[in-house]
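Below is one structure, written out as structure tokens; comments come after it.
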Amino acid sequence: MAREIQEVHPPRSGGGIDDVVILGGGLAGIFCALKLAPRPVTILTAAPIGEGASSAWAQGGMAAAVAEGDTPDKHLADTLAAGAGIVDRKIAALMTREARARVEDLLAYGVPFDKDVQGRLTVGREAAHSERRIVHVRGDMAGREIMAALIAEVRRTPSIRVMEGYVGEGIAMDGRQVQGVVARPSAGKALTTVLFPAHAVVLASGGIGHLYAVTTNPKEANGHGLAMAARAGAILADLEFVQFHPTAIDVGRDPAPLATEALRGDGAILVDRTGERFMPRYHPDGELAPRDIVARAIHAERAAGRGAFLDCRAAIGAGFADRYPTVYATCVSAGIDPVTQLIPVAPAAHYHMGGVLTDANGRTSLDGLWAAGEVASTGAHGANRLASNSLLEAVVFAARIAEDIQGLLPSPKVASWSIRRTEEEPELPWSQDTRAFERVRQIMATEVGVIREAHGLSAAIAELERIERATTVPWLKNAVLTARLVAAAAWARKESRGGHYRSDFPDPVPALARRSFTTLADLKRIGEESRRDLLPEAASA
């Protein structure tokens, strides 16, 4: 059964409106809830809070200009360079300026960032950063420790109610005004949807990584929040830009475990199966080139049959277990000793630069709807996210959303929450339609993956549309809709830029150095236009 892990007052029967409902229990969602305290907030999460969130799996850490000699302007310059020409400069500038304050917030919440003997934050360097500016926790445990500290604070905060075991299904609307979140209990045969009415809804539902067959993301990262916003009429942005982490550990696990980029920042190199280093052939920065370039290089080496391996022996050596305990434990569990052996790696869907279009305060195009974290597209990442900017973006904009809501809505005097059950529906097969979803993941990996081209994208759009029409399972319909939207945006951008690479348009086009915007109406139009790329029999199927 779906259960509450914290409830200050029992839900009132027969009405009432939640003040704020946050969909998602990852970093953006819980940080926003803490910043809203003592305003009453309900967090809806499919998995137990903190689980099923990519935030908890982040190994590298959080980027912030906190070290001597570093500045927000230097951080901004690196962000702009990595973003391949379409970063929203104003948005990225405020993010880098506010980074130090958010680190201080996290320290106040009890996050044990690594410090030196003088008590100063220790910082590491990652790809495409010109300075050492990544704050860590025990080397590669930043995400886990940040989430643990914030969850503990949530449990101590009486104004926050956490509802576990609820899967977001839709956004209740009255014209352009958001009225609440429609969700469904995830346990058992759920015949009844549940409406959580709200004056303000914050989407913090995570990314889309699990729409791909090889991903570092948890299964809950299936794009459902993005689809909910699209169905409600929200404008989406930059959907074609998917970042593939170059160094997922290739040991046949789903999700694929990650070999943090910090390893390469500390000198680990990429080699083929003969031991030859290959990255200098692809980029002058070698292993510290932007992620999209490293991912394509590894993809090419593997496709050529040469394989790709991370060699940590000289750079990390005997200190591996202490410096990178998570990666070390993963390798050992797969029968690899990273102190003496190479680590097999492969690109994996890791982060979505696209999402629901928001402004500097996290507002979407719908009244009463905000978005934060990976489901949002702020413009801070452009076409290619700079390493370790994701956790930073999540906390910066979650804090800005909280401030915006506080300024817009009158402060309630008491915490009052409600749940309204809708009419019973015909019985739905709630268990996952595994075969259909696995087909979606294969389509995305093959046709909308590291390398794309027109015919494959068109075929993907057509087949995904057929799958969506055929299913009656709400979560699957939302997942497939998001896959269709990403494929359509990729078809529409006829150039290569950042995380979007077209083999039929391999170069960037200066005239296309701008963000893209998509709605459901655009999806229908692109679907019709893309059919021209297909054979007649495929187009008429």
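Below is a table of values for the structure above.
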read-out: Ordering of 450-463, 171-184 by burial proxy (mean other Cβ atoms within 10 Å per residue, highest first); value: 450-463, 171-184
read-out: Stokes-Einstein diffusion coefficient of the range 434-539, Kirkwood radius over Cα pairs, 4 °C, 1.567 mPa s, in µm²/s; value: 92 µm²/s
read-out: Length added when fully stretched, ARG97-ASP73, from 0.36 nm per residue minus Cα-Cα; value: 7.8 nm
read-out: Beta bridges per DSSP with both ends in the chain, % antiparallel, nearest 5; value: 65 percent
read-out: The chain: relative contact order in percent, alpha carbon pairs under 8 Å with at least 6 residues between; value: 22 percent
read-out: Cα principal axis extents for the chain, largest first, Å; value: 69, 69, 46
read-out: Net lengthening on full extension, HIS455/ARG306 (0.36 nm per residue, minus Cα-Cα); value: 50.9 nm
read-out: Residues TRP370, TRP475 arranged by fewest to most Cβ contacts within 10 Å; value: TRP475, TRP370
read-out: Dipole-positive endmost among GLY29, GLY407, VAL201 within the chain (Cβ charges, Cα centre); value: GLY407
read-out: Size of charge dipole - the chain - debye, nearest 20, with Cβ of Lys, Arg +1 and Asp, Glu -1, no other charges; value: 320 debye
read-out: Additional length obtainable on full extension of the chain from GLU438 to GLU104, 0.36 nm per residue less Cα span; value: 116.0 nm
read-out: Between the range 82-115 and the range 339-401, the Cα center-to-center distance that results, in Å; value: 12 Å
read-out: Separation in nanometres of the label points that stand 7 Å from Cα toward Cβ, at GLU276 and ALA318; value: 3.3 nm
read-out: Estimated inter-spin distance, ALA329 and ALA511, nm [label 7 Å along Cα→Cβ]; value: 5.4 nm
read-out: For the range 227-354, diffusion coefficient by Stokes-Einstein and Kirkwood Rh (Cα), 25 °C, 0.890 mPa s, µm²/s; value: 158 µm²/s
read-out: Set of the range 261-279 residues, backbone N closer than 19 Å to the point 7 Å along the Cα-Cβ line of GLN341; value: 269-276
read-out: Separation of the ARG466 and LYS219 label points, Cα + 7 Å toward Cβ, nm; value: 2.6 nm
read-out: Dipole in debye (nearest 20) - the range 62-139, about Cα centre, beta carbon charges: Lys, Arg +1; Asp, Glu -1; value: 20 debye
read-out: Check: the range 244-347 dipole with +1 on Lys, Arg Cβ and -1 on Asp, Glu Cβ, in debye; value: 160 debye
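Where a number appears in this text, it was derived from the coordinates with a stated rule and is not lab data. Here the structure is a predicted model, which is why all the values come from computation and not from measurement. Virtual Cβ from ideal backbone geometry, glycine too; neighbours counted across all protein chains shown.
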